[in-house]
Amino acid sequence: MKRRQFLTLSGSTVAAVLLSRCASNNTTQARPSPTVISSKGGLLDVDLEALSMNTTLSGRQFHLLGYNDRIPGPLLQAQPGDTVRLRFTNRIGQPTNLHYHGLHVPPTGNADNVFLKIPSGETLTYEFTLPENHPAGLFWYHPHYHGYVADQVFGGLAGAFIVRGELDEIPEIKAATEHVLLLKDYDPDAGRIGSRATRGMMGAHMAQMRGREGAVVTVNGEIQPTFNLSAGGLLRLRLLNASSSRFYRLSLEEHPFYLIATDGGAIAEPVELRELLLSPGERAEVLVRGDREPGQYRLLNLPYDRGGMGMMGGMMGRGPGGSANVTETLATITYHGQTDVLPLPKTLIPVETLPEPTQTRRFLLNHGMNPGRGMVFLINGRAFDHQRIDTTVGLNTVEEWELINTGVMDHPFHLHTNHFQIASVNGTPPPYRAWKDTVLVPFGQSVRIRIPFRDFGGKTVYHCHILDHEDLGMMGMLAIQDEVAIVK
Ligand code: C2O
Ligand code: CU
Ligand code: CU
């Protein structure tokens, strides 16, 4: 066990791979809090292995899936212009792959290509280069092999991916104490995915329809960790909802905090908030000021109703866990007292104004019954088919998409490859511009997003980031075509 300690220092994961191979039944003991693996000399060189492992949470044994010997996976760190070379080995007993959620890199070849299939026992090397002008921000990686995504992410697979750049050079932000908070819920047997026999069972299907939530909520794989905010200091919390279905309606016991970045990186200036809703896949970065009385303040997850309770005549269960009706304590922040309080940055990074769209489209989000499959989740009445292209756009164009939720549950809509800006929510423009890759479309509401398709052509996807919905069909294929003539 002791031998693992040097992993943290070296950043090398070769030892982890060797250790896990020696472990009996291919099951290793997980460690919380991520190892950091950073790029050196322009190269982020990573060995990553997906495998099943045991961990103890709240005094209970959990059988989960992890990357290397970590739950969550190691924190990857790179800079714009760096090349990422990641040797990925699958040891979970069913096909999987990797998706680099939010990175603006090619969706093709051995880059962020979610159509790749890596059978169990095989290794694939991912390689891509981050554009020189890639925004700094918090991104993440997780499995994306259609039909298995929810099982594997709910099983535990996820890790954070930071791109460091301009935002990190702003003096006030540089001076802040930084923590990544990967928010994720786990269920004791969620990693036992070898048999899919339970799939057809009524209870299991009900839980999937609503989107499964785990019995315990963690921050970086720990239950209610503490973060210290020294006198006068600034705390930079980089928040990631890596849960497959759970929502986080965050508050700091009514204290204000300051939003500085969203999914796609920095906003133009800090925005004061008392509450922040993160649906699955979304990220936000906030600054917390040390201007409180000394004491302990809790980071809370407040109740939030994401709908679906009345589905199928009220039969639809909440599944294990569930965050609709309870307040959960995620973490504690210890304030050490009030002295000269560090100032907040006045401005951050400008967010460009996008031109008028050349094309608008509508996407209706809903569910329906399918004779062979039971309940399916649909976009424009269709369930995902990997042989069908649903939407074709032109490279170097700007489009506006209207996302209309005509169903009874919330759906966080996620687009790969390109970031977008929210143009309006129910017709009202948002108070500030921000780059996003996932936007919540609550039931009965409509959201317009404006998307510049830049740099990369090829096939990619958009989908609901309640991953059970994605696996049950709520995904579409997008072709980004590098041609003048586009068939509409
Ligand atoms: Cu985070 Cu296509 O997903
Ligand atoms: Cu993604
Ligand atoms: Cu959904």
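Any read-out appearing in this document is the output of simple, stated calculations on the displayed coordinates, not a laboratory observation. Predicted model only: the values in this text are computed from it and were never measured. Neighbour counts are summed over all protein chains in view; Cβ atoms, including those assigned to glycine, are modelled from backbone coordinates with ideal geometry.
Set the Förster distance to 35 Å, then compute FRET efficiency between residue 61 and residue 177 from the Cβ-Cβ distance, nearest 0.05.
Values: r = 34 Å, r/R0 = 0.96.
The computed FRET efficiency comes out at 0.55.
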Requested in this report: Using amide H atoms built 1.01 Å from N in the peptide plane, name the residues 5+ places from residue 267, or on other chains, whose amide H lies under 5 Å from its own.
Outcome: 261, 262, 349
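When Lys and Arg each count +1 and Asp and Glu each count -1, what net charge do the other residues less than 14 Å away from residue 452, Cβ to Cβ, add up to?
Values: positive: 433, 436, 450, 454; negative: 352, 356, 399, 400, 437, 455.
Within the 14 Å Cβ shell, the charges total -2.
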**Report entry** Least to most buried among 101, 134, 411 (fewest other Cβ within 10 Å first)
**Finding:** 134, 101, 411
Query raised in the report: Looking only at the range 378-420, which residues have a backbone nitrogen under 17 Å from a spot 7 Å from the Cα of residue 356 in the C-beta direction?
Result: 397-401
Query raised in the report: In whole angstrom, how long is each semi-axis of the equivalent ellipsoid of the range 359-481, when you take the square root of 5 times every eigenvalue of its Cα gyration tensor and sort them from largest down?
Result: 23, 19, 11
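Please arrange 352, 172 by how many other C-beta atoms lie within 10 Å of their C-beta, fewest to most.
Values: 352 10, 172 17.
Ranking 352, 172 by Cβ neighbours within 10 Å, fewest first, gives 352, 172.
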Report task. Using Cα pairs closer than 8 Å and at least 6 residues apart in sequence, work out the relative contact order for the chain, in percent. Result -> 13
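Please give the calculated 222 nm ellipticity per residue for the chain, where each DSSP H segment of at least 4 residues contributes -39500 (n - 2.57) and the sum is spread over every residue; nearest 500 deg cm²/dmol?
Working: 8 runs with 48 residues, N = 488.
The per-residue figure over the chain is -2000 deg cm²/dmol.
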Requested in this report: For each of 463, 367, count neighbouring Cβ atoms within 10 Å of the residue's Cβ, then give the residues from fewest to most.
Outcome: 367, 463
Query raised in the report: Mind checking which aspartates and glutamates have their C-alpha under 20 Å from residue 459, skipping anything on the same chain fewer than 8 residues away?
Result: 112, 127, 385, 390, 399, 400, 437, 470, 471, 482, 483
**Report entry** Reachable aspartates and glutamates from residue 40, criterion Cα separation under 13 angstrom, eight or more residues apart if same chain
**Finding:** 82
Query raised in the report: If the cut-off is 16 Å between C-alpha atoms, which aspartates and glutamates fall inside it for residue 174, apart from same-chain ones fewer than 8 positions away?
Result: 166, 269, 285
Report task. Return the percentage of antiparallel bridges among DSSP beta bridges fully within the chain, rounded to the nearest 5 %. Result -> 70
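Determine the shape class of the chain: with a ≥ b ≥ c the square roots of the Cα gyration tensor eigenvalues, call it rounded for a/c under 1.5, and otherwise prolate if a/b is greater than b/c, oblate otherwise. Could the numbers behind the result be given before it?
Numbers: a/c = 1.21, a/b = 1.07, b/c = 1.14.
It comes out rounded by the Cα gyration axes.
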